[in-house]
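Comments concern the structure below.
What follows is calculated from the coordinates using simple rules that are stated; it is not laboratory data. Here the structure is a predicted model, which means the values were calculated and not measured. Backbone-built Cβ (ideal geometry, glycine too); neighbour counts: all protein chains shown.
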Amino acid sequence: MYYYAVAKKIVLVIDDEIELNNLIKESLIDGGIFVYQAYTIKEGLDYISKFKNIGLVILDRMLPDGDGFDFLKKIRGIGLQLPVIILSVNADENNILKGLEFGATDYISKPFRVRELQLKVNNMLIINNKSEQYVYDNLFLDSKSRKVVVNNKFAFLTKKEYLFLELLVIANGEVISRKNIYKHIWGSLEVVDFHRIDSLVYNVRRKIKSISKYEIKVVSNEGYYIE
């Protein structure tokens, strides 16, 4: 399924430290940002090749299959100008200047303050986002009007319905867990009521079915995806 995002509140994190990668993901999800995770240069390049919706990359310097600078040089070499934040324990002046010379947007020393990273990511995404529209095959989403359009037929969604459908579209067919859906829409996991999701899914399915062939499908005990 072809997917293109005009607005890019999507971040690719490339770091082989699983706990740190997950920490970054959770902190960005809290701010309404969707996150792809990779652990090697190859996986990162695969994401860049497969998905055209990535708005920013958080890149570790030392990865199992090479130097993060190699990844940076490759994407700059093909003309990709999305922001890249380098994370590294090697944050001396020489390495910082080298990173900037290769096309890094920013260079953050490990260990770092998560809140500082959140703010830098948010600022860069705001600067680079020009609109808030998504296209998934022939399904069009507009966040300002919360309207979904398919072949000139349209339906209006509530704010929460729109956030749910937007999340599925950004995931591009990947399964989104009920936990992540709840956190993305209601902002907290302190008191979780999954009946809210059941009701939300029912309403969005009904509206989407009235104008298109797309289906919101469930994977038992895992979550939802669009097809």
One quarter of the C-alpha convex hull surface, i.e. the mean projected area of the chain in nm², amounts to 12.8
Residues whose built amide H sits under 5 Å from the amide H of residue 139, excluding neighbours closer than 5 in sequence, are none
In whole Hz, the Karplus estimates of ³J(HN,Hα) for segment 59-70 (6.51, -1.76, 1.60; θ = phi - 60°; x where Gly or Pro) are 10, 6, 6, 9, 10, x, 10, x, 8, x, 4, 5
For the pair residue 93 and residue 147, the simple spin-label estimate (label points 7 Å beyond Cα toward Cβ) gives in nm 5.6
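In the P(r) worked out for segment 3-128, what percent of Cα pairs fall beyond 18 Å? Each step should come with its number before you reach the end.
Details: 3728 of 7875 pairs.
Result for the distance tail: 47 percent.
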For segment 143-204, one quarter of the surface area of the C-alpha convex hull, expressed in nm², comes to 4.6
Any aspartates and glutamates whose Cα falls less than 12 Å from that of residue 147, other than same-chain ones fewer than 8 residues away, would be 132, 161, 166
Here segment 49-54 yields Karplus 3J(HN,Hα) values (6.51, -1.76, 1.60; θ = phi - 60°; whole Hz; Gly and Pro given as x) of 6, 7, 10, 9, 9, 6
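Filter 50/213; 159/213; 25/217; 179/207; 120/207; 25/74 down to the pairs with a C-alpha to C-alpha distance above 27 Å, please.
120/207
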Scalar couplings 3J(HN,Hα) for segment 213-219 by Karplus 6.51 cos²θ - 1.76 cosθ + 1.60 (θ = phi - 60°), nearest whole Hz, x for Gly and Pro, are 8, 5, 10, 9, 9, 10, 10
Note to self: C-alpha centroids of segment 178-227 and segment 29-45 sit apart, in Å, by 22
